[in-house]
Amino acid sequence: MKAFKPRVFSGVQPTGNLHLGNYLGAIARFVEMQNSHDCIYCVVDMHAITVWQDPKELARNTREVTAAFIAAGIDPGKHIVFNQSQVHEHAELAWVFNCVARMGWLSRMTQFKEKAGKDRENASVGLFAYPSLMAADILLYLATHVPVGDDQKQHLELTRDIAQKFNNDFAESIAAHGYGEAFFPETEPLIQGPATRVMSLREGTKKMSKSDASDYSRINLTDDADMIALKLRKAKTDPEPLPSEIAGLKGRAEADNLIGIYAALAGTTKEAVIAEFGGSQFSAFKPKLADLAVERLAPIAGEMRRLLADPAHIDAILKDGAERASAIAAETMKGVREVVGFVGGR
Ligand code: TYM
């Protein structure tokens, strides 16, 4: 297998209501990866418009996700932070991938099925083609590692399928143009830690989600300390005390979720949390969880507010990131054009 330089890429949609799941499953992991890798973090505004977005809200939400990245500890000077639509190669490579991916592959995507619902005839073509654009995001930077929550696993498998099919279909041309045995890497998903799938606080079998009608189902990154404590106090639980062993979480989705959230916030494991709280009532555990959540999240919310008060500063960060991202993207796209047989170039 050809060796590719390790590089991390991941993205978050600016569709409002950034929540604890986005933070623990993705953004907090992005922060960790900065010590060991070159990282590119993208606010994927072109993905957002696969379902209707109010233009003013889209711009506001794009700045809000950027602020969340920075407030959480991502360094846009050392790494790259930008919004997708400023780098036109994403759309360009996505088109090529639309011609590599098969209808059958995309038809099997659960995110499309869930979002399109029963009225598929009325879903946008973009929503169907979404995974091709996501593969383009990643492969444009020849990214080798992608930290995401559990719900993105299928999309990352598809990204590998697209890379493999491109490498196979164009093998001769890839070699002839001096790119060796593979043009694109087989990207590895990084789905790790105790909070890869944070569940709704109202229903332990449903994923915590931006679009849940009940605001009590999620903790938003912009919630203040009182709201965080209130939502955790009201979180659904069962009447039993917390188990003393991990096996005791089986069939207790709400308990499992709260323990996972605690472990992720504390930077430890579910086992360690059980060792500390096994046998406790929820009435004793929930206030400790609330304190920890406030301690971790309130500074982020405060810093987001401060950053959002100066949108021009955020826009400058995105512009600078987009320029640096473009340099890498243009290089990859130049190669893709040669390999595919497109005449000329820019
Ligand atoms: P998005 O915007 O829905 O979510 C952003 C990240 O948050 C994770 N996440 C969760 N993790 C744990 N528990 C939850 N309840 C939870 N909800 C969301 C997601 O897994 C994701 O990592 N398609 C992507 C965005 C995207 C992307 C990419 C990601 C576009 N291009 C390229 C990686 C690489 C999405 O819709 O994420």
What is the angle, in °, between the Cα long axis of helix 55-72 and the longest principal axis of the Cα atoms in the chain? Nearest 10 is fine, range 0 to 90.
70
Two-decimal ratio, region 215-306, of alpha-carbon radius of gyration to 2.2 N^0.38 Å
1.09
If packing is taken as the average number of other Cβ atoms within 10 Å across a peptide's residues, how do 236-242, 53-59 rank, most packed first?
236-242, 53-59
Tail weight of P(r) past 17 Å, computed on alpha-carbon pairs of region 117-162, percent
39
Which of the peptides 178-185, 118-125 is most tightly packed, and how do the rest follow, going by the mean number of other Cβ atoms within 10 Å of each residue?
178-185, 118-125
In degrees between 0 and 90, to the nearest 10, how far off the longest principal axis of the chain does helix 225-234 point, with axes built from Cα atoms?
70
Angle, helix 125-139 long axis vs. longest principal axis of the chain, Cα atoms, 0 to 90°, nearest 10?
80
Over the chain: helical MRE at 222 nm, DSSP H runs n ≥ 4 each giving -39500 (n - 2.57), nearest 500:
-16000 deg cm²/dmol
If you roll a 1.4 angstrom probe over the protein chains with everything in place, what fraction of the accessible area of region 215-306 belongs to carbon and sulfur, to the nearest %?
51
Any chance you could check the Cα centroid distance between region 275-315 and region 145-189 for me, in angstrom?
37
Ignoring ligands, DNA and RNA, please state the percent of accessible area on region 116-172 from carbon and sulfur, probe 1.4 Å.
45
Surface accessible to a 1.4 Å probe, per residue, for the residues of the chain, Å²
46
Dividing the alpha-carbon radius of gyration of the chain by 2.2 N^0.38 Å (N being the number of residues), what value is obtained?
1.04
For W105, W95, W52, give the ranking by accessible area with the largest first, probe 1.4 Å.
W52, W95, W105
So what's the Cα pair-distance distribution over region 1-136, bin width 5 Å, in %?
2, 9, 17, 19, 21, 17, 10, 4, 1, 0
Ranked by GNM mean-square fluctuation in the chain (Cα springs under 10 Å), the top entry among M304, M134, M333 is M333
Kirkwood-type radius of region 101-224, with distances r between different C-alpha atoms, in Å:
16.8
For the peptides 273-282, 62-71, what is the packing order when you average, over each peptide's residues, the other Cβ atoms within 10 Å and list the highest mean first?
62-71, 273-282
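The values are calculated or read from the model by the stated rules, or taken from the named source; none is laboratory data. Owing to the predicted nature of the structure, the values given are computational and were not obtained by experimental measurement. For neighbour counting, all protein chains shown are included, and Cβ atoms are generated from backbone atoms with ideal geometry for every residue, glycine included. For accessibility, only protein heavy atoms count, side chains too; no ligands or nucleic acids. Shrake-Rupley method; radii C 1.70, N 1.55, O 1.52, S 1.80 Å.
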